[in-house]
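Input: one structure, supplied below.
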Amino acid sequence: MKRYKAENRVVTVEIEQPGLYVFEKESAIGKTFLCRILKRCRSYGERTDAYTYTDLTAGRSLMHYLMTTDLDLVMLDRYDMYNDKFEQDIKEIAQKAIVLIDCKNDSNLTEDAQLCFLTLQEEQLLLEVDT
Amino acid sequence: MMNIYFRDEKLPKLDIITDVEREFDNLKLTGSFLENLVINKIELGSFKDALHFTDRFGDKLPINFMSTGCKAALVVLNNPDKLVDLKECGLNARDTIITYLDGNVLLTFSTITFYNENFHDKNNIKVCLDNYVFTNLDRLNYYLTDERPYVPDMSRKGIFMKR
């Protein structure tokens, strides 16, 4: 189990293995909040980061963002807006890191991904895998 | 009335909103009954003022901290003359939009069904699809799973032709 802390919340990660994980298809479970926390943790020097659609529209490449350092935990927020882009890059990252994907529709990338669950609690964001 | 359209099918000549986050950035919330309802159903919170909402834990947060699904619902509510793409919406947000709001929405799959655990009065919807108006959620789901693209059984309750 790993823990990260930012914005007065603890992120508890109960996922052990690197790989691709897709969130359940629900809104308002705390995904975008998690994205913000993981970006903030990166700025503190933690081995986490996140990528979202506004990074893409601002011209920041996923390659530059996520592949220049070794990361343990990565989140792709709003993946439906750039569905099926960067597929090989993301699969490469998932060899070494836990890659969480927010994707509500079918995509090649999430076909083989494991389902994961995010629970938003008052002081904690709990991340678990479907068992 | 809520008008449903599916991707890869014939769409109306309306402006399409694809990036709901961007559209939401330019929305000014008023705290209307329906805005409050949407925030309550999806975020489990409530409207505070034009720039803030109260989340499920009672914390006051900036409105841009809302989920994309809730923002999409508020964009649908405030853009009745545009077609809003719901591809980023979770099932709970999508079903809240379909069952409570009026407007025009674009969905991805034509074989989906709708469900709303808090929606006890299933005879209180008004959804238009393929020129049929559905007033019952179960009737709409039956059409999607068992009848479409064929002509629906008009003798079953909860459906009538759009005039």
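The values are calculated or read from the model by the stated rules, or taken from the named source; none is laboratory data. Fair warning: this is a prediction, and the values are worked out from it, not measured in the lab. All Cβ positions, even for glycine, are placed from backbone atoms using ideal geometry, and neighbour counts span all protein chains on display.
Within segment B:54-73, which residues are closer than 27 Å to A:Asn105 by Cβ, of a type outside the set (Lys, Arg) and within 12 Å of chain A (Cβ to nearest Cβ)? Talk me through it step by step, then tell me what you get.
Start the filter on segment B:54-73 by keeping residues that are closer than 27 Å to A:Asn105 by Cβ, which leaves B:55-56, B:63-73.
Now restrict to residues that are of a type outside the set (Lys, Arg): B:55, B:63-70, B:72-73.
Residues satisfying the conditions are B:Asp55, B:Asn64, B:Phe65, B:Met66, B:Ser67, B:Thr68, B:Gly69, B:Cys70, B:Ala72, B:Ala73.
If only one of B:Gly45, B:Gly31 is at pLDDT 95 or above and within 12 Å of chain A (Cβ to nearest Cβ), which one is it? Before the answer, list the steps.
Details: B:Gly31 fails: within 12 Å of chain A (Cβ to nearest Cβ).
Sole residue among the options that is at pLDDT 95 or above and within 12 Å of chain A (Cβ to nearest Cβ): B:Gly45.
Are there helices (runs of 4 or more DSSP H) fully within segment B:4-103 with at least 1 residues that are closer than 22 Å to A:Thr54 by Cα and aliphatic (A, V, I, L, M)? List them. Step through it out loud before you land on a result.
On the way: elements: B:20-25, B:33-38, B:68-78, B:91-100.
Those helices (runs of 4 or more DSSP H) span B:20-25, B:68-78, B:91-100.
OK, next. Of everything in segment B:87-102, what is surrounded by fewer than 24 Cβ atoms within 10 Å (Cβ to Cβ) and either modelled with pLDDT of 95 or more or over 11 Å from the mean Cα position of the chain (by Cα) (or both)? Give them in sequence order.
Passing the criteria: B:Lys87, B:Leu101, B:Asp102.
Same structure again: Can you work out which of the residues in segment A:4-31 that are within 14 Å of chain B (Cβ to nearest Cβ) and touching an Asp or Glu at 6+ places or on another chain (Cβ under 6 Å) is nearest to B:Asp95 (Cα to Cα)? Lay out the reasoning, then the answer.
Residues of segment A:4-31 that are within 14 Å of chain B (Cβ to nearest Cβ), as a first pass: A:7-9, A:22-31.
Imposing the further condition that a residue be touching an Asp or Glu at 6+ places or on another chain (Cβ under 6 Å) reduces the set to A:23, A:28, A:31.
Working: A:Phe23: 18, A:Ala28: 13, A:Lys31: 19 Å.
Across segment A:4-31, the extreme among qualifying residues is A:Ala28.
Could you tell me which of the residues B:Thr113, B:Thr108 is surrounded by fewer than 21 Cβ atoms within 10 Å (Cβ to Cβ) and facing chain A (nearest Cβ under 9 Å)? Spell out the reasoning first.
Working: B:Thr113 fails: facing chain A (nearest Cβ under 9 Å).
Matching residue, one of B:Thr113, B:Thr108: B:Thr108.
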